[in-house]
Amino acid sequence: MLTVILNCYKRQEYLREQIDFVNAQSLKPKKIIIWNNGKPLDPEIDFLQGITVINSSENFGVWARFSIVPLAETEYICVMDDDVFPGCNFFKSSLEILAREDCLVGGRGLRFLSHSSYAPFISYGWDSPNESIQDVDIIGHIWLFRRESFVAFWRELPSPEIGRYSGEDMHLSYTFGKFRGLR
C-alpha cells in the first residue's frame, strides 16, 4: 500500500530514530527505501530487515530521492526530509485524505500572501500546528501522494540554475497542480 523514501546525507545521526518513527506508525509501510546521498552510511543500517538502501557515490542534492519513486511498487508514496519525524497517525490520516480526494498531502504547507514573492506567507503544519486540513500553495519536508500522480514531476524539468539543493518542494507542488490538477 505505501512505500516510504528517506533521504540521508547530512543528518545521518537521525536516521535510526526516523526509521523508528516510520515503523511506529499506526499504518505500517510495505517498504522503506533509503536514498543515501554520497556519504558512507552506518553499516548497521544495511542489516535492518525490510529496508532497501540505495547508495550514491555523489551528492545529487534534494532532487535525487524523487528518482526512486518509479521503483516503488505500492499505490502510495511518502518522501521525507532527513529531519522529519511524523506523528503516529500521519500515514493513516494522509491516506484517509487521499481516499476522499486525489491531492498532495504533507506535513508543512505555505500559503503565499503575495503574487510576486515568497514572503509573506502563512505556514501550516509542524511549525504552526493546526487541527484542520488547509489548502496551500506549496508543501515541504514530507510529501504523501499516489504513485500514478508522480508522472507530473518529471513532465517539466526544473531549470539548471535552480541547482541541486533547493526548489524540489515548489516543483512538486507546481507540477502536480499544473499537469494533474491536484490541490
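The values are calculated or read from the model by the stated rules, or taken from the named source; none is laboratory data. These numbers come from a predicted model, not from an experiment. All Cβ positions, even for glycine, are placed from backbone atoms using ideal geometry, and neighbour counts span all protein chains on display. Note: areas computed on protein heavy atoms with side chains; ligands, DNA, RNA excluded. Shrake-Rupley method; radii C 1.70, N 1.55, O 1.52, S 1.80 Å.
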Original post:
In Å, what Rg and Dmax follow from the Cα atoms of segment 34-183?
Top reply: 15.9, 48
**OP:** At 0.36 nm per residue, minus the direct Cα-Cα distance, what do residue 155 and residue 20 gain on full extension? Give it in nm, one decimal, please.
**Re:** 45.2 nm
Original post:
For residue 85, what is the net charge nearby, where nearby means another residue's Cβ is under 15 Å from its Cβ and Lys, Arg count +1, Asp, Glu -1?
Top reply: -4
Original post:
Given a cut-off of under 8 Å on Cα pairs at least six residues apart, what relative contact order in percent is computed for segment 7-85?
Top reply: 40 percent
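Within the set of other residues whose C-beta is less than 14 Å from the C-beta of residue 73, count the net charge using Lys and Arg as +1 and Asp and Glu as -1.
Neighbourhood net charge equals +2.
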Subject >> GluC sites (Glu not before Pro) lying in DSSP loop within segment 39-107, provided at most 12 other Cβ fall within 10 Å >> reply: 58, 73, 101
**OP:** Give the cross-link partners of residue 10 among the lysines, using a straight C-alpha distance below 18 Å as the criterion and excluding same-chain residues fewer than 8 apart.
**Re:** 39
Subject >> Span from the segment 67-104 Cα centroid across to the segment 129-183 one, whole angstrom >> reply: 13 Å
Original post:
Taking only DSSP H segments of four or more residues, each worth -39500 (n - 2.57), what value at 222 nm results for the chain once the sum is divided by all its residues, to the nearest 500 deg cm²/dmol?
Top reply: -5500 deg cm²/dmol
Original post:
For the chain, with every protein chain kept in place, what is the accessible area per residue (1.4 Å probe, Å²)?
Top reply: 53 Å²
Subject >> In nm, spacing of pseudo-spin labels at residue 28 and residue 11 (7 Å Cα→C-beta vector) >> reply: 2.6 nm
Original post:
If the cut-off is 18 Å between C-alpha atoms, which aspartates and glutamates fall inside it for residue 92, apart from same-chain ones fewer than 8 positions away?
Top reply: 20, 75, 101, 102, 131
Subject >> Neighbour-limited loop hits for chymotrypsin sites (Phe, Trp or Tyr not before Pro), segment 110-160 (at most 16 other Cβ within 10 Å; DSSP other than H, G, I, E, B) >> reply: 118, 126, 154
Subject >> Positive minus negative residues near residue 133 (Lys, Arg vs Asp, Glu; Cβ under 12 Å) >> reply: -2
**OP:** Measure nothing fancy, just the Cα-based angle from helix 90-100's long axis to the longest principal axis of the chain, in degrees from 0 to 90, nearest 10.
**Re:** 50 degrees
**OP:** Calculate what fraction, in whole %, of the accessible area of the chain sits on carbon and sulfur atoms when a 1.4 Å probe is rolled over the protein chains.
**Re:** 54 percent
